[in-house]
Amino acid sequence: MSATSITLTRPDDWHLHVRDGAAMASVVPASARQFARAVVMPNLKPPVTTAALAAAYRERIQATVPAGLDFQPLMTLYLTDNTPPEEAERAKAAGAVAFKYYPAGATTNSDAGVTDLRKTYKTLEALQKAGLLLLVHGEVTDPNVDVFDREQVFIERQLIPLRRDFPELKIVFEHATTKEAAAYVAQADGYIAATITPQHLLFNRNAIFTGGIRPHYYCLPVLKREEHRLALVQAATSGSPKFFLGTDSAPHAAHLKEHASGCAGCYSAPAAIELYAQAFDAAGALDKLEGFASFHGPDFYGLPRNTARVTLKREAWTVPEVLPFGDNTQIKPLMGGETLDWKLQP
Ligand code: NCD
Ligand code: ZN
Ligand code: ZN
């Protein structure tokens, strides 16, 4: 008989975008309801490039957490060509956990990203020394590389040399989307791990084109072929401590996704843990959800595991199709209007 209820240690989200201002106030409660902690991405406009900006951003986030919910934002700084090495110690002192490497132009708000990793080597040395992590958006930006191949090429051109030069820098391969990334991380030593999003576990690239172009399934790195989805499901449900939960929930107003040049990002926060439960259940691996969602992340970051527990029940419910977002706009959550089988109990 299949389980009707599962209880887990309270999970964390190791990759989250919450934006700022009124938009932030609309999305933070969804994550705070489910997760104890979240690693908050620094790709604001302008980006969060200093420890002081990260500390101020953390305070703005905390002000939007509903009373009675216990939610801790873990802050990251945006690495640029000009980040001074001293910023690593300042970041550590301010309680930040990592720097984020966006290759310039790779994704939403990445224009200020790194143009050449070698320009940042002194700062990477300082990160390694401070014990801060480097989180990577693992795609090359070379326009001659096919958009579906940009992750594999990143491993060859950038990640392998980077790890050779900084063997003790802890790296998170964010939102891994290919069998090559899953295999690379699985076989590597203990200094690299990967997050996996719910959309890359649940969908392949057909979802973007079913019956017409579907912008709410467009994110970066873009959804891949079915063989890649299967490899990601295998990695996430393998029990390997190198894979953990990072939603990459990336809210954009609906009208900016339903657009001639639509924004990349899936807004998964309203049903995040339920989406993962759906994927793990489909793989017959609900017993592996707790490690992925609640243990492997804190273990890799060197942080304590949570102690509170949460319960999911097998209970059909429909994800809202539209939600209010910021000042008078709307947002469409991932799988809005569709039924999920698992519901987090309040
Ligand atoms: C993210 C965003 O909108 O900030 N978008 C996305 O498609 N994943 C940026 C990112 O994580 O690459
Ligand atoms: Zn990214
Ligand atoms: Zn992201």
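All of the numbers you see were taken from the coordinates with simple rules; none came from a lab. Because the structure is predicted, anything quoted here is derived from the model rather than measured. Positions of Cβ are backbone-derived with ideal geometry, glycine not excepted, and every protein chain shown enters the neighbour counts.
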In whole angstrom, note down how far apart the Cα centers of the range 280-325 and the range 328-346 are. 15 Å
Rounded to the nearest Å, the spacing of the alpha-carbon centers of the range 126-146 and the range 50-116 is 14 Å
When DSSP beta bridges are limited to those with both residues in the chain, what percentage is antiparallel, rounded to the nearest 5? 35 percent
Relative contact order as a percentage, the range 233-346, C-alpha pairs under 8 Å and 6+ apart, gives 30 percent
For a quick protection proxy, order the peptides 129-135, 161-167 by their average other-Cβ count within 10 Å, most packed first. 129-135, 161-167
Using DSSP to define loop residues, name the GluC sites (Glu not before Pro) in the range 101-190 whose beta-carbon has at most 11 other beta-carbon atoms within 10 Å. 168
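Counting other C-beta atoms within 10 Å, which of 20, 281, 70 has the fewest, and how do the rest follow?
Going from least to most buried by this count: 70, 20, 281.
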Proximal aspartates and glutamates relative to residue 224, as straight alpha-carbon distance under 20 Å, when same-chain residues fewer than 8 apart are discounted: 139, 142, 146, 149, 151, 156, 174, 180, 248
Taking θ = phi - 60°, what integer Hz values does the Karplus form 6.51 cos²θ - 1.76 cosθ + 1.60 yield along the range 89-100, in sequence order, with x for Gly and Pro? 5, 4, 5, 4, 4, 7, x, 5, 10, 6, 10, 10
Along the Cα→Cβ direction, 7 angstrom out, place labels at residue 226 and residue 116. What is the inter-label distance in nm? 4.5 nm
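Over the range 119-178, what is the relative contact order in percent, taking alpha-carbon pairs closer than 8 angstrom and at least six residues apart? All intermediate terms of the calculation are to be shown ahead of the outcome.
Numbers: 54 pairs, mean separation 29.1, N = 60.
RCO, the range 119-178: 49 percent.
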Whole-Hz ³J(HN,Hα) from phi, Karplus 6.51 cos²θ - 1.76 cosθ + 1.60, for the range 29-42, glycine and proline x: x, 4, 6, 5, 5, 9, 10, 7, 9, 8, 7, 9, 6, x
Beyond 18 Å between alpha-carbons counts as too far, so tell me which of 45/129; 45/332; 179/257; 288/313; 242/288 fall in that bin. 45/129; 45/332; 179/257
Placing +1 on each Lys and Arg Cβ and -1 on each Asp and Glu Cβ in the range 224-301, then taking the dipole about the Cα centre, the residue among 291, 231, 268 whose Cα reaches farthest towards the positive end is 231
Considering the zone a paramagnetic label at residue 4 would reach in this model (a point 7 Å from Cα along the Cα-to-Cβ line), which residues of the range 315-346 have amide N under 15 Å from it? 315-316, 342-343
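Could you calculate the FRET efficiency of residue 93 with residue 144 from 1/(1 + (r/R0)^6), where r is the beta carbon distance between them and R0 is 45 Å, rounded to 0.05?
Numbers: r = 42 Å, r/R0 = 0.94.
The computed FRET efficiency comes out at 0.60.
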Relative contact order in percent for the chain (Cα pairs under 8 Å, 6+ apart) equals 19 percent
In Å and from the alpha-carbon atoms only, list the Rg and Dmax of the range 11-308. 17.7, 52
Residue-averaged 222 nm ellipticity for the chain, from DSSP H runs of 4+ at -39500 (n - 2.57), nearest 500: -8000 deg cm²/dmol
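Could you tally the net charge around residue 270, taking each other residue with its Cβ under 13 Å from the Cβ of residue 270, Lys/Arg +1 and Asp/Glu -1?
Values: positive: 33, 332, 343; negative: 13, 274, 321, 338.
Summing Lys/Arg as +1 and Asp/Glu as -1 gives -1.
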